[in-house]
Structures are given as structure tokens and as C-alpha cells.
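The values are calculated or read from the model by the stated rules, or taken from the named source; none is laboratory data. Computed from a predicted structure; not experimentally measured. Don't worry about glycine lacking a Cβ; one is built from the backbone with ideal geometry, like all the others, and counts go over all protein chains shown. Remember, those area values only see protein heavy atoms, side chains included, never the ligands or the DNA or RNA. Shrake-Rupley method; radii C 1.70, N 1.55, O 1.52, S 1.80 Å.
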Amino acid sequence: MAIDAFSNNASGAITVALGSEDTVITLPDDGSADRFANLSQGRMQRATLSNPVVPGQIEIVYITAKDGSSFTVKRNQEDTFAAVDWPAGTTLEARVTAGMLGRFLRADERGVFKTTGGEGGAGGTSFLVNTKVERESRVVQLAGVQMLHRPGAALTTTFSPGRYSQDMNMSVESVGGSCFVELGDNIETWQAGQTYSNRAIVAPPVATGFNYLFEASDPQFPYTQSAEDPGFDNSGYAIEAYNPDSSGEGEPVLTGQWLPLTIPLAVELNLPSVAAGVALSEVGFICYEYDATTAPVISIGLEADGDLVSAQALSGISGERQIQRFAVTHSGALANKIMFKVDTPATGRFYGRFYWRGMVFDQ
């Protein structure tokens, strides 16, 4: 998609009738064409066609090239009416459109800035600030995945033989984490009619080989409740989570998912597919909720089981909001996945998430 170009008070009356298939618009030599933006390669200006003699019809066009008083346009944009025949005298005017506004960052009541992406103000979010990426893998999250790219930012400058400028395409270390997990043996059994909040972990009424983590999909309704078993099974795939309809009469409302967690706990975390891999510098566990009498024993590995951390007790954690770190001095291939597992669970509650830190490299 081309980059928007803008100009103030651009308007003119077309001099040649425009058929429904025509893509060239001509304005008079009265200076009106000069008020439209000059367009370089990869830029365009949004404009609108309207005429009182064609009532009820408004057509948005994209001006993609300008040659004097002649404009090359893309017709019938942003889901406006199908292209029609416009008589001479029809007004071409640069106006604000929904598609234009959809490209701008906008803040909601939570202070989250986002674009809607797409044209006509529709489509998935494409840029986020002050929040997290939900599901769309192509969304740009500010300070999200930072990586050292292969292409340089510019040609390298030579100061003298053997002395070169630093490529300004630099990066920072990234930190990623697993889903929330329980490393202890104190996991409550799911109950019908009970309300569970976001990131709650339960055991199914009938053993399936998994415990289940509730992940809410709607931040405004971060809970789930059901009078019947959600359908816990041994497939290893996520199960939809619902809430009753607020009226009590309609169909249940999808509110998220129950994510199966293996027993004993083992999490294979696949790192971003857009990267060649990660040079790890640290791994560990962040404990958010704690009520344990013994520490869990965990292992963390890449290719071999526990080749980074082997059967280590998280004894450095003695309360909530604490962390235990393990430095990584591993050399060799970049990491594409990390495997976390519990060798011996804690006695009590030991709830949080595994994490990693490292430099992400471009493919």
C-alpha cells in the first residue's frame, strides 16, 4: 500500500466526462491541479468525486500519479459505490476518509494506542503501543521483538584502511516468557458454576493427563463460568471457554480458551519464526504467587534435556514477585526453541512463568 500524501484545500472540477472504466481525470488549467500533492514513487492522495446531478453517489479514488492537470487514479476505493459515469463539472476534492484515519494511531479509554489497519477503517490491528499483541503475528508492537537485521541501515563508511563506521541498524536484548504455569501440587479441581479469572489453572474433574490454564480473549470480560464441563479431554489442544449470555436466555459467549498443560509439566516454547534464532544470555522463572513449603526442581534445555539447567531447585525464591536466574554460557547453534520442565513439583503453590533473555537475529 502506498504512503498517503496530503495537501490543503485541494479541489477542482473535471473538464472531461469520466466513464466508469476510465482511470485518468483531467482538471482545468486554472491552478486547481496545483493544490493537489505532488506524488513521488510509492505515494498517493485520497480524493472524492461528487456531483449534485448524480444524487446519492460519492466515489473515493486514489490519485497515484500526477502529470500537470491530469491525474491517474484507482477507482471505487474503500467500499464506496461502484464506479459510475461522472459528467464534466464533477468535483474532485481531497477529503478525509475512513481509510485515512484508520492508518493513524488512536488511543482508547485505557491509554492503548493502535491502528486498525486495512482500508475503510476496517481490518486487523497493525500497530500497538502500551499493550500486548493478541493473536495477529504480523502486528508491530512497540518494543516488541527487537532483532539485529542482516541488511545494514546504510552503506558502511570507510574512515581509513581497516576503520569503518558502526552500522546504525542496532538492536537490544529481548525478553520472552512462557504461558503461566503452576510448579506446585496445589491445583484446585474445576467446579461447575465457579467463576475463573484470567490465567487461572485448574485440574479437570476426570483426569486427562493435563491441567488447564484459562486465557481470556476479551480484556473487558477476563473470566469464564460454565454450568457444564467445558469439554476437557486428552487431545492436547486448546478448548473454547464461554460465559453465560448476560440475559440468561441467549447462547453462551466465547470468552477465551482452556490451554492444556501436561502432567508432569513440560513446556516447549517455540521462538519467533521470523528470526534465525536467539543467542540466549539468561533463563529462569518469575514467581507471582507463592505459598510453598518446598521448592520445585526444574530443568531447562535446548536440544538435549536440561543442557542449560539440569535438575535445579528454585530455592532462591521464597515469596511472590521473586525471580531466580540462570546465566547461559552456551555456544553453538542459535536457539529456536526452549524446553522447560518440572522434575519435582513444589509442595504448595508456586505460580508464575518461565522466561528467557537474549539477542534475536534476523534470518
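List the chymotrypsin sites (Phe, Trp or Tyr not before Pro) within the range 224-253 that fall in a DSSP loop (any state other than H, G, I, E or B) and whose Cβ has at most 16 other Cβ atoms within 10 Å.
Of the chymotrypsin sites (Phe, Trp or Tyr not before Pro), the ones in loops of the range 224-253 whose Cβ has at most 16 other Cβ atoms within 10 Å are TYR237.
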Candidates per GluC sites (Glu not before Pro) in the range 63-111, loop by DSSP, up to 13 other Cβ within 10 Å: GLU109
Starting from the amide H of GLN322, placed 1.01 Å from N in the peptide plane, find each other amide H under 5 Å away whose residue is 5 or more places distant or on another chain. CYS287
State in Å² the accessible area per residue of the chain; use a 1.4 Å probe, count heavy atoms of protein chains only, and round to the nearest integer. 56 Å²
Could you please state how large a percent of the accessible area of the range 232-363 is carbon and sulfur, counting protein chains only and using a 1.4 Å probe? 49 percent
So how do CYS179, CYS287 rank on accessible area, 1.4 Å probe, biggest first, that is with the largest at the start? CYS179, CYS287
Please name whichever of ALA279, THR347, MET100 sits farthest to the positive end of the charge dipole of the chain, dipole taken about the Cα centre and charges placed at Cβ: Lys and Arg +1, Asp and Glu -1. ALA279
Could you work out which residue, out of GLY209, GLY102, GLY89, moves most in a Gaussian network model of the chain, that is, has the largest mean-square fluctuation with Cα springs under 10 Å? GLY89
Under the rule of at least 5 residues apart or a separate chain, name every residue whose amide H is placed under 5 Å from the amide H of THR208. none
I need the phi-derived Karplus couplings for the range 289-301: 6.51 cos²θ - 1.76 cosθ + 1.60, θ = phi - 60°, integer Hz, Gly and Pro marked x. 10, 9, 7, 10, 9, 9, 8, x, 10, 10, 10, 9, x
List, in order, the whole-Hz ³J(HN,Hα) value for each residue of the range 39-53 obtained from phi through the Karplus relation with A = 6.51, B = -1.76, C = 1.60 and θ = phi - 60°; use x for Gly and Pro. 10, 8, 4, x, 10, 8, 10, 7, 8, 10, 9, 7, 7, x, 7
Pop the C-beta distance of GLU268 and TYR223 into the FRET formula with R0 = 30 Å and round what comes out to the nearest 0.05. 0.60
Across the range 337-346, in residue order, what do the Karplus-derived ³J(HN,Hα) couplings come to in whole Hz, using 6.51 cos²θ - 1.76 cosθ + 1.60 with θ = phi - 60° and x for Gly and Pro? 7, 10, 10, 10, 8, 9, 7, 9, x, 6
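Taking the Cα centre as origin and putting +1 on Lys and Arg beta-carbons and -1 on Asp and Glu beta-carbons, what dipole magnitude results for the range 159-272, to the nearest 20 debye?
580 debye
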Over the chain, what is the relative contact order in whole percent, taking alpha-carbon pairs under 8 Å and six or more residues apart? 13 percent
Can you tell me which of TYR164, TYR290, TYR223 moves the most in a GNM of the chain? Springs connect C-alpha atoms under 10 Å apart. TYR164
